[in-house]
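**Student:** Please find one structure pasted underneath; my questions will follow.
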Amino acid sequence: MLSSRLCGFLHCRLVVTVAVAGLISLNVMFLWTSPLTVCLSSNRPGSGRQHIWKNNSLVKAVVDKPVLLLWYWPQNYIFNLSDCKTIYNIDGCHLTDDRSLYNNTDAVLFFHKAIRLATLPKSPRPPFQKWIWMNVESPTNTYKIPGIKNLFNLTLSYREDSDIPVRLRLTSRKIPDEHFEIPKKDKLICWIVSNNFKRTGAETRSAYFRELSKYVKIEVYGKAYGSFLDYKDYFPTIGSCKFYLSFENSVHKDYITEKLNGPLAVGTVPVVLGPPRKNYERFVPGDSFIHVDDFPDAKSLAEYLMHLDMDEDAYRKYFNWRRNFSARPHLILKNQEFVLAICTACDYVGKHRDYKQIPDIYEWFFN
């Protein structure tokens, strides 16, 4: 009798086990054969935990990252979204340009020049979602677009008081480099310039260049002067010059662009025209560059540069900073112009979840 009851009990357990296993198998088969193209779980608003399916195959499984939606491609310069990871080792968000994900997106990035009210999202904004205003131009080259003053939570620009400041910065060395060698030079002064339009504020630098060229020879390249320089020759050309004219197209606080970074990265001394010297010294050592404001006129600057050309020890002092810092070359391909800005936004979104609001974007930017 006991043996019979035991067999009955084991038989029941076997039936239950088989049934449960069958249900699990059906669920697994359903998940792998589901025609769903995109599914974002919403266990918590803005959690970023997601299943992403594409063409009936699992592309990315359960990613615990916030989602950053690129609403416009800046100037239609399209790059590989994986560049943030491969170039800058930034992997803190899921970056996408798929507008169908809007309702489950943690943050949306809007490129200022592309904004038109008619092209903004039509669906109500989820309460957890942040809108980021992206503009890396100076106020001189920024046009006011009506109707966007009170739309944004975060600012992304070159300015240090932005929520998301964008800049390639020097990196400090743990072990000093005692063996930096200045690259071989066969030119005294070089300038690569693609824009000399007065409406962009470029006349200030153009006028200084014309005056400076009266007293010293300057090798000029770029579309503005009809001599386009191939991308592969960009850094080698700068590196072959003792001095490079790092002249900004307009003068504004913190508006210090890749024109400074390029020569620093390849072993050339930048001669800068832009905001005051103290502003530059927030980002690079004061003995790493020459500022036009340090001289009463262009002739005096020309005489100083020619003096440094003859005095090797004095010239070498402009590289003392290399002992403790290094500079990284910036991206130069046309479609890579906004990669750093977008990847910086991704990094920020991955690290910050706090609420912010910008009452008037223009009040902040222009004033």
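Laboratory data are not the source of any read-out in this text; all were calculated from the coordinates shown. Since the structure is predicted, the reported quantities are computational estimates derived from the model, not experimental observations. Note that each Cβ is placed from the backbone with ideal geometry, even for glycine, and that neighbours are counted across all protein chains shown.
**Student:** Sum up the charges of everything whose Cβ sits under 14 Å from the Cβ of N153, counting Lys and Arg as +1 and Asp and Glu as -1, but leave N153 out. Working shown, then result.
**Tutor:** Details: positive: R125, K130, K149, R353, K356; negative: D106, D163, D354, D360.
After counting each charged neighbour, the total is +1.
**Student:** Quick one: check the C-alpha center-to-center distance for region 175-239 versus region 137-156, whole angstrom.
**Tutor:** The distance from the Cα centre of region 175-239 to that of region 137-156 comes to 31 Å.
**Student:** Express the relative contact order of region 175-329 as a whole percentage, based on alpha carbon pairs under 8 Å and six or more residues apart in sequence.
**Tutor:** Numbers: 235 pairs, mean separation 39.8, N = 155.
Dividing the mean separation by the residue count of region 175-329 yields 26 percent.
**Student:** Something else: Cross-link candidates for K122: which aspartates and glutamates have Cα within less than 19 Å, leaving aside residues fewer than 8 places away along the same chain?
**Tutor:** Partners within reach: D97, D98, D106.
**Student:** Taking the Cα centre of region 61-164 as the origin, how large is its charge dipole in debye, to the nearest 20, when only Lys and Arg (+1) and Asp and Glu (-1) carry charge on their Cβ atoms? Walk me through the intermediate numbers first.
**Tutor:** Details: 11 positive and 10 negative charges, 103 e Å.
Roughly 500 debye for region 61-164.
**Student:** Mind checking which lysines have their Cα closer than 25 Å to the Cα of K351? Skip sequence neighbours fewer than 8 apart in that chain.
**Tutor:** Cα-Cα hits under 25 Å: K60, K65, K85, K130.
**Student:** Compute the signed sum of charges (Lys and Arg +1, Asp and Glu -1) over the other residues within less than 11 Å, Cβ to Cβ, of Y315.
**Tutor:** Numbers: positive: K185, K242, R316, K317; negative: D309, D311, E312, D313.
Summing Lys/Arg as +1 and Asp/Glu as -1 gives 0.
**Student:** Mind checking which lysines have their Cα closer than 21 Å to the Cα of K278? Skip sequence neighbours fewer than 8 apart in that chain.
**Tutor:** Straight-distance partners of K278: K253, K259, K317.
**Student:** Please report the antiparallel percentage of the DSSP beta bridges confined to region 175-329, to the nearest 5.
**Tutor:** On the way: 1 of 14 bridges.
Taking every DSSP beta bridge with both residues in region 175-329, the antiparallel ones total about 5 percent.
**Student:** Next question, about the same structure. If the only charges are +1 at each Lys and Arg Cβ and -1 at each Asp and Glu Cβ, what is the size of the charge dipole of region 175-329 around the Cα centre, to the nearest 20 debye? All intermediate terms of the calculation are to be shown ahead of the outcome.
**Tutor:** Details: 23 positive and 22 negative charges, 96 e Å.
With only Lys, Arg, Asp and Glu charged at Cβ, the dipole is about 460 debye.
**Student:** Taking other Cβ within 10 Å of each residue's Cβ, how do T171, T105, T142, T237 sort, fewest first? Working shown, then result.
**Tutor:** Working: T171 10, T105 27, T142 16, T237 20.
Ranking T171, T105, T142, T237 by Cβ neighbours within 10 Å, fewest first, gives T171, T142, T237, T105.
**Student:** Along the charge dipole of region 175-329, Cβ charges K/R +1 and D/E -1, which of Y318, L188, Y234 sits furthest on the positive end?
**Tutor:** Y234
**Student:** If you put +1 on each Lys and Arg Cβ and -1 on each Asp and Glu Cβ, how big is the dipole of region 241-310 around its Cα centre, in Debye rounded to 20?
**Tutor:** Dipole size: approximately 120 debye.
**Student:** How charged is the neighbourhood of H179? Take every other residue with its Cβ under 11 Å from the Cβ of H179, and add Lys/Arg as +1 and Asp/Glu as -1. Can you show the working numbers first?
**Tutor:** On the way: positive: R322, R323; negative: D177, E178, E181.
Summing Lys and Arg as +1 and Asp and Glu as -1 gives -1.
**Student:** Using the count of nearby Cβ atoms within 10 Å as a rough guide to exposure, how do D106, D177, D98 rank from fewest to most?
**Tutor:** By the 10 Å Cβ count, ascending, the order reads D177, D98, D106.
**Student:** I would also like to ask the following. Once a ≥ b ≥ c are taken as the square roots of the eigenvalues of the Cα gyration tensor of region 175-329, is the result rounded (a/c under 1.5), prolate (a/b larger than b/c) or oblate (a/b not larger than b/c)? Before the final figure, lay out the partial values.
**Tutor:** Working: a/c = 1.37, a/b = 1.33, b/c = 1.03.
Since a/c stays below 1.5, the shape of region 175-329 is classed as rounded.
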